[in-house]
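Read through the structure below, which is laid out as structure tokens, and then see the notes.
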Amino acid sequence: MTHHAPRQKVTDLIASFHEHLGRNISIFSNDAIPLFNEIDLNSRIIDEIRATLIKNYCVTNYQKDICSDILDEVFTDFTIALYLFAIGLIVPARMSVRRALEEGLAVVFMWDLPHEYWGWRQLDADLSYSNMVSHLNSASYLKYLANVHGCHDIDVICDSVRFQRFYRKLSNTVHGKVEGLPPLSPERFSADKNGISKHLKLTMDVQKAIIDLLYGRFHGLKADIEKAFPQVGR
């Protein structure tokens, strides 16, 4: 039979959680630190993309709103995920990564579809992840993109298999499946026991997929970003 600690003031309880989880920050493995650094760099790149799009690529006010609202949320969600991973909260961190994945896809999907943006923004319309992936892989969209880029053909910018795999993995977390998660407490909340590196690597892969998607949609964007982050192009 499970025995629980005596009840205490809720403020004391929350403070004890904070103290316990905060200890994880001091016990990361040597393998985890570079991954945290890479996630932080990718988040900063996404924020620089946001600023560059507003400055050089936005034609309409709604496109500016997409950058200032949705793309800023992508940056914020990855930053929150970084912190949650750091203190051992794997499940909410992965949920935040899934949110960032959907938002990043929505940025490109809605950029050229103002009716989708306004339906989502003002009519509470839902965006289907699968429909967004299908649209960005459609022959008609790719022909449109080739015309925008001034070329005859263009490579696929949204690998449907890869994006669906990310969504599946992260959705398993949302729906309570335990695949890929460490055991329940106390191991799940201990940075030296919860296998954090594989979750950080998944987050990095999602970030890079979103960054590549944005590079693919906006001609010349990658060169602009590499000027701001020369270490990326090396």
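Brief remarks on what is shown
- Taking the Cα centre of the stretch 12-162 as reference, the dipole from Cβ charges on Lys and Arg (+1) and Asp and Glu (-1) amounts to some 120 debye.
- In degrees, nearest ten, helix 90-111 long axis to first principal axis of the chain (Cα): 10 degrees
- Cα gyration tensor category, rounded, prolate or oblate, for the stretch 49-135 with a/c compared to 1.5: oblate
- The solvent-accessible area of Glu38, taken with every protein chain present and a 1.4 Å probe, is close to 60 Å².
- Note on the chain: with neighbouring protein chains present and a 1.4 Å probe, carbon and sulfur make up 54 percent of its accessible heavy-atom surface.
- Across Lys9/Lys169; Lys201/Lys222; Lys64/Lys222; Lys55/Lys222, pairs whose alpha-carbon gap is larger than 26 Å: Lys9/Lys169
- Residue by residue, the stretch 147-158 carries 3J(HN,Hα) couplings of 5, 4, 7, x, 9, 7, 9, 9, 5, 4, 9, 10 Hz when phi is fed to the Karplus relation 6.51 cos²θ - 1.76 cosθ + 1.60 (θ = phi - 60°); x denotes Gly or Pro.
- 0 to 90° range, to nearest 10: angle between helix 196-217 axis and the chain longest Cα axis: 10 degrees
- Per residue, in Å², the accessible surface of the chain once ligands and nucleic acids are set aside, probe 1.4 Å: 55 Å²
The values are calculated or read from the model by the stated rules, or taken from the named source; none is laboratory data. All values derive from a computational prediction rather than experimental measurement. Here Cβ is always computed from backbone atoms with ideal geometry, including for glycine, and neighbour counts include all displayed protein chains. These area figures cover heavy atoms from the full protein model, side chains too; ligands, DNA and RNA do not enter into them. Shrake-Rupley method; radii C 1.70, N 1.55, O 1.52, S 1.80 Å.
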